[in-house]
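Take a look at the structure below.
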């Protein structure tokens, strides 16, 4: 049975970050069904409680991290039963791909737990901290690019040790400063601008690799980037109380 659940929340802003719940979904398995018999990866979920929310900041920008480096929350879930007793019930997952506003000051996030206790609950309490990647702002940087000379590049504060062009993609190898690249484009000698989208990531210890996919095959020109300044991770306290909606 699925429904939107009633909720209450106590939000403690930190580092000028405010949270707002935009929706809650409460899916409970029908009575008598053995939850342990659900096939692995079955869809839709037999049980799920999901909180959809947004984080907003007036002074900071949220960093658009690749799907290869998702934020990992530390939010514990406590089940509350009709007799007022309670039971710790594992950790919520911070799932899905975040959406960001154009100015970077608002981002979405979801908290999900995919199974409920075996006996009926009155509600759930989600409490803990969320690590949110933020930056003080952005700055511009530019550097000449010649696909025939794949040596090191210094793109502002970003150290690119090697790069490789394949088709419409450029692969960068370097360190964690690659995470500072917010947007990337290539200006050709003709003045034409070729935009790029962030692609895949790989990380091995302190070595990072990053792929950017351009609208057309990259040629000799000038790389232009918008870089995050003052990147850091803030741990945002959260407490959401979700009531069973029937």
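Here residue 84 does not qualify as exposed (fewer than 14 other Cβ atoms within 10 Å of the Cβ) and either modelled with pLDDT under 85 or outside the structural domain of residue 116 (by TED's automatic domain parsing) (or both). Against the condition part of a loop (DSSP other than H, G, I, E, B) and buried (at least 18 other Cβ atoms within 10 Å of the Cβ), how does residue 79 come out, does it pass? For residue 79, the condition - part of a loop (DSSP other than H, G, I, E, B) and buried (at least 18 other Cβ atoms within 10 Å of the Cβ) - is not met. Here region 200-217 is the region considered, the condition is being part of a strand (DSSP E or B) and without any contact (Cβ under 8 Å) to a residue 60 or more places away in the chain, and the residue that is nearest to residue 185 (Cα to Cα) is 214. Exactly one residue among 196, 159, 98, 142 is outside the structural domain of residue 25 (by TED's automatic domain parsing) and either closer than 27 Å to residue 241 by Cβ or in contact with a helix residue (DSSP H, G or I) (Cβ under 6 Å, 6 or more places away or on another chain) (or both), and that residue is 159. Could you please find all residues in region 145-195 being loosely packed, with under 15 Cβ neighbours inside 10 Å and on the phi > 0 side of the Ramachandran plot? Within region 145-195, 167, 191 meet the criteria. Here residue 119 passes the criteria (1) exposed (fewer than 15 other Cβ atoms within 10 Å of the Cβ); (2) not assigned by TED's automatic domain parsing to the domain that holds residue 26 except the one numbered (2). Restricting attention to region 82-114, the residues being in contact (Cβ under 8 Å) with a residue 40 or more places away in the chain, over 16 Å from the mean Cα position of the chain (by Cα) and not in a loop (DSSP other than H, G, I, E, B) number 1.
The values are calculated or read from the model by the stated rules, or taken from the named source; none is laboratory data. What you see is a predicted model; the values in this text were computed from it and never measured. Because the Cβ atoms are built from the backbone with ideal geometry, glycine has one as well, and the counts that use them run over all protein chains shown.
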